[in-house]
Amino acid sequence: MKIPFATFKYMHAEIKDEMFSKFKDIYDKDWFILGDEVAKFEKEYAKYVGTKYCIGVGNGLEAIILALLALGINADDEVIIPSNTFIATALAVSYIGAKPILVDPDINTYNLSKVGLEEAITPKTKAIIAVHLYGQSADIAEIKAIAKKHHLYLIEDCAQAHNAKYKNKKVGTFGDIGCFSFYPGKNLGALGDAGAVVTNNLKLAEKIRALANYGSIKKYQHIYKGLNSRLDELQAGFLRIKLKHLDDYTKEKVKLAQKYLSGINNPKIILPTIGINRTHVFHVFAIRCQNRDDLQKYLAKHDIETGIHYPISIAKQKAYKSDMLNDLPIAKQIADEELSLPLYYGMTDEEINYVIDTINKY
């Protein structure tokens, strides 16, 4: 039995007619940038997340860049990020000239917590980016309390956590700004690159909208040195369709993850831990194993495809060699041991039981 790491075929088969109809509708309207689909998606997604405002942007990286710019983060400022996030979080900080400061996550949840966070704050610190990694919230209440205590901005990187909650409140609603990616592989994915920024602050929303549109509110009048980072009509239309099904997609992935959690029984395998007061939407099902590479090869021999998130920590990336960032021990351990198992909408009991049985025999 061949098990892919991920596939969209089941999800997209169910909505194919609606997606094709949406394409035809947008094609026939002959309006492809900043039209009705974007406006409607922004309204619908803000309501879904629980914020007042949503601005559709080009992708998740640009969402974070725009958030930092809107908050006035400058060159020589410091921004605290988790040491084990995807490099986009660090790149956003670097692109505006600020310095990313790495803090190790909780080894159990893989997410930023209060441990080590306050010690990383210096007079140059201006913001914290809390990443909700793999599909569950960081310890956002404690992080928010620390940010408030030190008068720091709080940005939430929600790229992997659409619909995840902390104390029954969705991520993206705790900080000054929440940033989302709709890369195709996300739980809410477009058919190309796309992203969004959410906030409850009208002034920030207006500034982000202008910054994303060449720094302009009115055509040919530019009040900021902005970017071209706009969610296009076609992706907005596709996302509107998928948003209607996101709760069902989430329930399905959680149900499959629970089968892994209850079925995998191997002392060599460390299963994901769900933190207190949190839900986990399982963007990926991340296990750990001291012999990760050997386990991956073993599973590949049995036609089970897996992924690694992420095999090289930020501090060890060639792009950051000259920055001399500290390679923190927990980030290194996760990079060495993490393995992501197949998990996708439409995965059958036969498929998931095959993965479980194969891992238990390792």
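So here's what we get for this one:
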| item | result |
| --- | --- |
| Local electrostatic count at ALA98 - Lys and Arg +1, Asp and Glu -1, tallied over other residues with Cβ under 13 Å | -1 |
| Whole-Å semi-axes of region 63-173's equivalent ellipsoid (Cα gyration tensor) | 20, 15, 13 |
| Chain lengthening between ASN353 and PHE8 when straightened (0.36 nm per residue, less Cα-Cα) | 122.2 nm |
| Loop trypsin sites (Lys or Arg not before Pro), region 1-93 (other Cβ atoms within 10 Å of the site Cβ: 14 or fewer; DSSP) | LYS2, LYS52 |
| Net charge over other residues, Cβ less than 14 angstrom from the Cβ of LYS218 (K, R count +1; D, E count -1) | +1 |
| Correct option for Rg and Dmax of the Cα atoms in Å [calculated from the coordinates] among (i) 23.3, 83; (ii) 20.4, 65; (iii) 26.1, 82 | (ii) |
| Sparsely packed trypsin sites (Lys or Arg not before Pro) within region 145-189, loop by DSSP, other Cβ within 10 Å at most 16 | LYS167 |
| Hydrodynamic radius by Kirkwood, which averages 1/r over all alpha carbon pairs of region 119-209, in angstrom | 13.8 Å |
| Share, in percent, of DSSP beta bridges within the chain that are antiparallel, nearest 5 | 60 percent |
| Listed residue (MET11, ALA88, GLY172) projecting farthest to the positive dipole end of the chain, Cβ model | GLY172 |
| Fraction of accessible area attributable to carbon and sulfur, region 147-275 (%, probe 1.4 Å) | 51 percent |
| Candidates per chymotrypsin sites (Phe, Trp or Tyr not before Pro) in region 120-221, loop by DSSP, up to 12 other Cβ within 10 Å | TYR220 |
| Protein accessible area in region 1-87, 1.4 Å probe - carbon and sulfur % | 58 percent |
| Cα pair distances of region 19-110 binned at 10 Å [whole percent] | 14, 30, 30, 18, 8, 0 |
| Cα-projected label distance for LYS244 with ILE96, points at 7 Å along beta-carbon direction, nm | 3.7 nm |
| Antiparallel bridges, percent of DSSP beta bridges restricted to region 45-204 (to nearest 5) | 40 percent |
| Cβ-based net charge around LEU188, under 11 Å, with every Lys or Arg adding one and every Asp or Glu removing one | +3 |
| Solvent exposure of the chain as accessible area per residue, Å², 1.4 Å probe | 46 Å² |
| Region 296-362 shape via C-alpha gyration tensor axes, a/c threshold 1.5 | prolate |
| Distance between region 41-117 and region 200-246 - C-alpha centres, whole angstrom | 17 Å |
| Near-label residues of region 85-129 by backbone N, under 17 Å of a point 7 Å along Cα→Cβ of ASP327 | 85, 87, 102-105 |
| Spin-label pair ILE270/ASP30, simplified geometry with 7 Å Cα→Cβ offset, distance in nm | 6.0 nm |
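The values are calculated or read from the model by the stated rules, or taken from the named source; none is laboratory data. A quick note: this is a predicted structure, and the numbers were derived from the prediction, not measured. We place every Cβ from the backbone using ideal geometry, glycine too, and count neighbours over all the protein chains shown. Only protein heavy atoms, including side chains, enter the accessible area calculation; ligands, DNA and RNA are left aside. Shrake-Rupley method; radii C 1.70, N 1.55, O 1.52, S 1.80 Å.
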